[in-house]
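Since the structure comes first, as structure tokens, the remarks are kept for the end.
The values are calculated or read from the model by the stated rules, or taken from the named source; none is laboratory data. Keep in mind that what you see is a predicted model, and the values were worked out from it rather than measured. Cβ atoms come from the backbone with ideal geometry, glycine included; neighbour counts cover every protein chain shown. Note: areas computed on protein heavy atoms with side chains; ligands, DNA, RNA excluded. Shrake-Rupley method; radii C 1.70, N 1.55, O 1.52, S 1.80 Å.
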Amino acid sequence: MLIYLQVKRVTRHVIRRELAPWETLLLGGFSGGMAAIAITPFDVIKTRMMTSPPGAAAAGMLTVGANLLATEGVGALYKGWLPRFFWIAPLGAMNFAGYELAKQAIDDVGEEGKVE
């Protein structure tokens, strides 16, 4: 939500008007995709923990992450970021478009006392 609100604020400042519905979808998709990229390292570490061989010593997230960085480098933390972006982006678009529609409907009720 934070990414969406910041991107929306900057975009509205640049274009100097309210966003059109298609722009809300676009910004929502972009924001959702960026959030997905931001949490990809945690998902990669979790997946490594879940797929470790049976009987392997239990290791926490910090240990697995440090080992991953030492053996494979920073890029390993972002494996799979592109499909994840395109999987989450449409969900973000729908989520934030729905949020904006619901917010507008609530604002309309507050202003007029009824939904049109």
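Some notes on this structure:
- Across region 52-116 the C-alpha pair distances fall into 10 Å bins from zero in the proportions 16, 22, 19, 17, 13, 10, 1 percent.
- Sum of side-chain charges, ILE15 neighbourhood, beta-carbon under 12 Å (Lys, Arg +1; Asp, Glu -1): +3
- FRET efficiency for LEU69 and VAL10, using Cβ-Cβ distance with R0 set to 41 Å, rounded to 0.05: 0.80
- All distinct Cα pairs of region 20-73 go into the 1/r average, and the inverse of that average, the Kirkwood radius, is 13.3 Å.
- The chain: relative contact order as a whole-number percent, Cα under 8 Å and 6+ apart: 38 percent
- With Cα atoms, 0 to 90° folded angle of helix 21-50 axis to the chain main axis: 20 degrees
- Peptides 47-55, 30-38 ordered by average Cβ neighbours within 10 Å, highest first: 30-38, 47-55
- The C-alpha atoms of the chain define a longest principal axis, and helix 2-15 lies at about 50 degrees to it.
- Shown here: volume of the Cα convex hull per residue in Å³, derived from the displayed model; of the candidates [x] 171; [y] 153; [z] 183, it corresponds to [y].
- Lys, Arg +1 and Asp, Glu -1 on Cβ, resulting dipole of the chain about Cα centre, debye, nearest 20: 480 debye
- Within-14-Å neighbourhood charge of PHE85 [Cβ basis; K, R +1; D, E -1]: +1
- Relative packing of peptides 81-88, 5-12 - highest average C-beta neighbours within 10 Å first: 81-88, 5-12
- On Cα atoms only, tilt of 81-112 relative to the major axis of the chain in degrees: 30 degrees
- Exposure of TYR4 as accessible area (Å², to 10), given a probe of 1.4 Å and all protein chains: 0 Å²
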